[in-house]
Amino acid sequence: MRTRAALVTAVVLLAATLGFAQGGRFRGFDALRRPVTPDPGIAYDGRFTFVRLTYDTAPGGYWYRGQPAWMHGYPTAERNLMRIMDALTTLAPHVDEVKTLSLEDPAIFDYPVLYIIEVGWWMMTDTEAANLRAYIQKGGFVIVDDFKLPGGIGGGGWDHFAANMQRVLPDARFVDLDASHPIFHQFFDIPSFDIIPQAYNAGRPSFIGLHEDNDPARPLRMMVFYNTDISQYWEWSERGFRSIEETNEAYKLGVNAILYGLTH
């Protein structure tokens, strides 16, 4: 596959451990659950900053060392993605100075792109729903990553996420995206999904979008990586756990999504 430049990856592994109860049903690490005070990160200064959203995590959604689901890969994954962005584009983002915010924080409106992960465990509040609605209506762009089919290890699957989105935009229509959509050609050319990485889930990944006013001719306001975990490749890059080819594809998706969100 043609690319504009070779991807360079450098990362320290944060190992993940999985726990199973009787019958193989995933239970997470709720017994190790610990309070987490999100690090707000760098103050707004106009430069692009990767912003990860925090949220209240449902029971079952606690992982390595009792960390809540929204922390999966934090901050290694986004720092590595920002290294790629810095090396290959003129964006000049903050690299090590990443940020977390709650949707209840009005500071979200300072940032054009937000990232949220493991939304199968997201216990949405009314304030979060209202602020996310306003953010999308003002032209903000949201990247949703890493949740799985029902019965897997990613929480409630699509139905849980859809129920939350009903509270945000009751008329929202999410649609499957194919490789012809501009988001897959924003910086890197991704002509097909044949070698799109699949970290550990069964079945194929899905790429799902929400267009402004539900009009496919208008820009996306939300990009969903469903039944896959793209950020795991950012987090684990150059550790030998995943192939270089698949890791590069994951970086392409991240770069394209961010640049699309910034330019649409």
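Of the residues making up segment 216-264, those that are hydrophobic (A, V, I, L, M, F, W, C) and either under 15 Å from PRO205 (Cα atoms) or assigned to a loop (DSSP other than H, G, I, E, B) (or both) number 8. Is it the case that some residue within segment 234-256 is aromatic (Phe, Trp, Tyr), farther than 18 Å from THR89 by Cβ and buried (at least 17 other Cβ atoms within 10 Å of the Cβ)? Yes, because at least one residue in segment 234-256 is aromatic (Phe, Trp, Tyr), farther than 18 Å from THR89 by Cβ and buried (at least 17 other Cβ atoms within 10 Å of the Cβ). Among the residues here, LEU149 does not qualify as modelled with pLDDT of 95 or more and either touching a helix residue (DSSP H, G or I) at 6+ places or on another chain (Cβ under 7 Å) or over 29 Å from PHE187 (Cβ atoms) (or both).
Let's see how each residue does on (1) under 30 Å from LEU88 (Cβ atoms); (2) touching a His at 6+ places or on another chain (Cβ under 6 Å); (3) of a type in the set (Gly, Ala, Ser):
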{"site": "VAL113", "(1), (2), (3)": "yes, no, no"}
{"site": "ALA129", "(1), (2), (3)": "no, no, yes"}
{"site": "ALA134", "(1), (2), (3)": "no, no, yes"}
{"site": "GLN137", "(1), (2), (3)": "no, no, no"}
{"site": "ILE143", "(1), (2), (3)": "yes, no, no"}
{"site": "ALA163", "(1), (2), (3)": "no, no, yes"}
{"site": "ILE195", "(1), (2), (3)": "yes, no, no"}
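Among all residues of segment 187-208, there is none that is surrounded by 14 or more Cβ atoms within 10 Å (Cβ to Cβ), in contact (Cβ under 8 Å) with a residue 40 or more places away in the chain, of a type outside the set (Asp, Glu) and not in a loop (DSSP other than H, G, I, E, B). All of (1) more than 26 Å from PRO150 (Cα to Cα); (2) modelled with pLDDT of 95 or more hold for GLU238 with one exception: (2). For THR263, the conditions (1) closer than 23 Å to ALA92 by Cβ; (2) surrounded by 14 or more Cβ atoms within 10 Å (Cβ to Cβ); (3) not small (Gly, Ala, Ser) all hold with the exception of (2). The set of residues in segment 27-48 being surrounded by 15 or more Cβ atoms within 10 Å (Cβ to Cβ), hydrophobic (A, V, I, L, M, F, W, C) and either under 25 Å from GLY157 (Cβ atoms) or modelled with pLDDT under 50 (or both) consists of PHE29, VAL36. If you go through segment 204-220 one residue at a time, do you hit one that is within 21 Å of THR89 (Cβ to Cβ) and at pLDDT 95 or above? Checked segment 204-220: at least one residue is within 21 Å of THR89 (Cβ to Cβ) and at pLDDT 95 or above. Reported count of residues in segment 212-230, each being surrounded by 19 or more Cβ atoms within 10 Å (Cβ to Cβ) and closer than 21 Å to PRO182 by Cα, is 9.
The values are calculated or read from the model by the stated rules, or taken from the named source; none is laboratory data. Every value quoted in this text rests on a predicted model; they were computed, and no experiment measured them. Heads up, the Cβs are rebuilt from the backbone with ideal geometry, glycines too, and the neighbour counts pull from every protein chain shown.
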